[in-house]
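Structure, as structure tokens:
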Amino acid sequence: MSQLPIVRMTLYKHGVGFFQRRGPITGESIKLIFRREEMADVLKSLTVIDYANGQVRGVDYDTPQSQEERLAGCSVILDDAKTLRDLLKALRGRQIVLKSDYVFFEGILLGLDEDEKKPLKDSRISILQKIIDEETKITTETVAIVTIKDINAIELHDDTATADLNFFLQTALGQETHRSITIRLSAGEHDLAVNYIAPAPTWRVSYRLVVEAESAEIAPKALLQGWGIFDNQLEEDLADISLSLTAGMPISFMYDLYTPHTPSRPVVKEEDRTAAAPIMFDAFSVADAEPSPESTYNMAGLMPPPAMPMMKTATFRRASFSSEQMDKSVQSAATGKAMGELFQYNISAPVTVGRGQSAMVPIVSDKLACQKKLIYNGAKMPIYPVATLRFNNTTNLTLERGPVTVLENGEYVGEAVLPFTADKAETVISYAVELGIHVKEETNSESRLESLSIKNNFLVQQFYDIQRTVYQVENRTAQPKTMQIEHNLLRGYTIFDTADPIEKTLDAYRYEIKALVGKVTSFTVQQRCLRINQHELRQLSYQGLQEYFKDKFLDEQAYQELKGLLDKWAEISRLQNEITAQEKQRTKIYQTQEQAQKNMKVLSNEGEEAILRNQYVRQLSQSEEELAQIEQNILRMQAEIKQKESEVDAMITALGTS
């Protein structure tokens, strides 16, 4: 690994790191070792670049099989405790040479006879030798027996045995928990850079928020300091690397490129051919299917943990500090860089972290204007309001989510979680509970009828579901308090007959109240949702009425009354269409007038422009007359509609009593 050290590391929040190794290489290959669980990500992302104009010939890597699986077909497998015995057993039938200090035996190994008491001293090796008589040239076969203590070397004269032994030794070098990747290169010098992603612990951030003492003349400010925390769980030291910490959420996934996969295939059997029978088809038929789509709506809310209660402390002498002192003591060591949907903190100084160690680097240090508010939300913290700090993120950086410790006047006053906050966005953190104020919250519901009408042959009943929430605030402190009540909005409901909120969020309205000392202050929020019930009178039409009358389901009087009702609805619809047409004409005239007025603004009162100006004046005067006529028409038709609606109401009433 030291041959190609890590020079750059980028950490993300989703458990992945981007690593770059770079350095000079001499030779035709370099080997890198990775944990087995890293191989899928490494194979998915590995990039190799030779900046010395060399060639990258290919990449080899260890199979994902275990050592036992890889050695399954190997003829030489050696035990850790009895290596020599296993080797001699594996070489049985192979051509070998046994050497000692004064003699050697060459031939085919027959086997090993082990002595149970002294296996390394008295065990005997038998070898089949071929001896040629130099005078007669007759070859005889002799079995030589050698005591194992007399042997100090074994030569292998069998290519297969030699290859299997080398394969066993190479496989034994590898660890079960690690795999190697070998990068094949052209001969010569190389300036090699290897980039890849691999699983890595997410980096974290923690903040300190130092609030200055409040002053009537100066708006309060707070010093925000953020520290990036990361870990070196690699199996090497990191020395003078370039480090980046990335905020945001890039898409990432596991894709197993490491484990070999052979898809299953269908089995096709040899067919038996027989004489074809007549081919028959069923008659064509249609089956109606009625899909029943379903829609679901899911709402999930996140509730932050309760903050620590505010505390009063006795006066005593202490070593205090200010935000100015803290700002001078620790300066940010990072610069920010926006990357589309992501934001990156680039640590400006080289970073050194030992193997198995962790580190903190300052990434934010800036003063921000802030506001202190008491906010009550019973869904998040019942009974008591919480103390909050609100500020705009003017650091020019994106703030990643993390815990924040709040200090005021040199004292710890609480903790909070700073949410993910984009540059220039506002954020609110709650850091303490105000135990001196009690809030009692009561909610009741009711339904109230709003109107009855007839529309499209339906009796339409409109009513409101009303939810009324009463907040009773009791101030048990020694000072009056200004606080905000955060009222959660119900889906589909609107606020009514309630004071205007001081602030609005996507899901809640905030109302400001003053809680007087020793008194109970009440505040009521009302919200309602309009509901509609439709009761069908009858699916009526002129043709349908005639059919009912013809079949004597209706008598003459009922038929004429319902036909008159349809006539009235038709007349009302016609008048409404005419009103709509008149309103469209009025809108068109308004647009023409607006254009004429714009044109008149750039015309002078002299010459040809004065003549054109007078034309626009006449045009405007004429259009005013048209507008007056349209208004009269609309009022007339509205009066007719009102009269006919009254007649419809009377007819419906008569139908109901008949």
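The values are calculated or read from the model by the stated rules, or taken from the named source; none is laboratory data. Only a predicted model underlies this, so the values are computations on that prediction, with no experimental measurement involved. Every residue, glycine among them, receives a Cβ derived from its backbone with ideal geometry; neighbour counts consider all protein chains shown.
Worth a mention:
- Selection count, region 324-378, where residues are crowded, with 19+ Cβ neighbours inside 10 Å, among the hydroxyl-bearing types (Ser, Thr, Tyr) and either at pLDDT 90 or above or in contact with a Phe, Trp or Tyr (Cβ under 7 Å, 6 or more places away or on another chain) (or both): 1
- The set of residues in region 73-103 being assigned to a loop (DSSP other than H, G, I, E, B), aliphatic (A, V, I, L, M) and closer than 20 Å to residue 144 by Cβ consists of 91, 103.
Listed here are the residues, each with its yes/no results for (1) in a loop (DSSP other than H, G, I, E, B); (2) under 30 Å from residue 573 (Cβ atoms); (3) modelled with pLDDT of 90 or more; (4) not hydroxyl-bearing (Ser, Thr, Tyr).
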residue: 380; (1), (2), (3), (4): yes, no, no, yes
residue: 396; (1), (2), (3), (4): yes, no, no, yes
residue: 404; (1), (2), (3), (4): no, no, yes, yes
residue: 438; (1), (2), (3), (4): no, no, yes, yes
residue: 442; (1), (2), (3), (4): no, no, yes, yes
residue: 464; (1), (2), (3), (4): no, yes, yes, no
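- Some residue of region 190-197 being surrounded by 14 or more Cβ atoms within 10 Å (Cβ to Cβ), in contact (Cβ under 8 Å) with a residue 12 or more places away in the chain and of a type in the set (D, E, K, R): yes
Rundown of residues vs (1) surrounded by 13 or more Cβ atoms within 10 Å (Cβ to Cβ); (2) modelled with pLDDT of 80 or more, yes/no style:
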residue: 603; (1), (2): yes, no
residue: 607; (1), (2): no, no
residue: 630; (1), (2): yes, yes
residue: 655; (1), (2): yes, no
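- Selection within region 109-120 - surrounded by 11 or more Cβ atoms within 10 Å (Cβ to Cβ) and farther than 17 Å from residue 89 by Cα: 118
- Which listed residue is at pLDDT below 85 and on the phi > 0 side of the Ramachandran plot, from 552, 598, 568: 552
- Some residue of region 489-510 being modelled with pLDDT under 85 and of a type in the set (Lys, Arg): no
- Residue within region 95-108 that is closer than 30 Å to residue 33 by Cα and surrounded by 15 or more Cβ atoms within 10 Å (Cβ to Cβ) present: no
- Of all residues in region 402-418, those that are within 16 Å of residue 372 (Cβ to Cβ) have Cβ atoms under 8 Å from Cβ atoms of residues that are hydroxyl-bearing (Ser, Thr, Tyr) and outside any strand (DSSP E or B), 6 or more apart or on another chain, in 409/320; 411/313.
- In region 367-379, the residues that are under 18 Å from residue 425 (Cβ atoms) form Cβ pairs under 8 Å with partners that are of a type in the set (Asp, Glu), at six or more places apart or across chains, as follows: 367/327.
- Long-range neighbours under 7 Å by Cβ, at least six apart or interchain, first residue of a type in the set (Ser, Thr, Tyr) within region 74-103, second in a loop (DSSP other than H, G, I, E, B): 100/151; 100/152
- Within region 429-446, the residues that satisfy the criterion of being loosely packed, with under 15 Cβ neighbours inside 10 Å and either in contact (Cβ under 8 Å) with a residue 24 or more places away in the chain or within 31 Å of the chain's Cα centre (by Cα) (or both) are 435, 440, 442, 443, 444.
- Yes/no for residue 520 being loosely packed, with under 15 Cβ neighbours inside 10 Å, at pLDDT 90 or above and out of contact with any helix residue (DSSP H, G or I) (no Cβ under 8 Å at 6 or more places or on another chain): yes
- Qualifying residue in region 133-147 (condition: surrounded by 15 or more Cβ atoms within 10 Å (Cβ to Cβ), in a loop (DSSP other than H, G, I, E, B), assigned by TED's automatic domain parsing to the domain that holds residue 100 and not charged (D, E, K, R)): no
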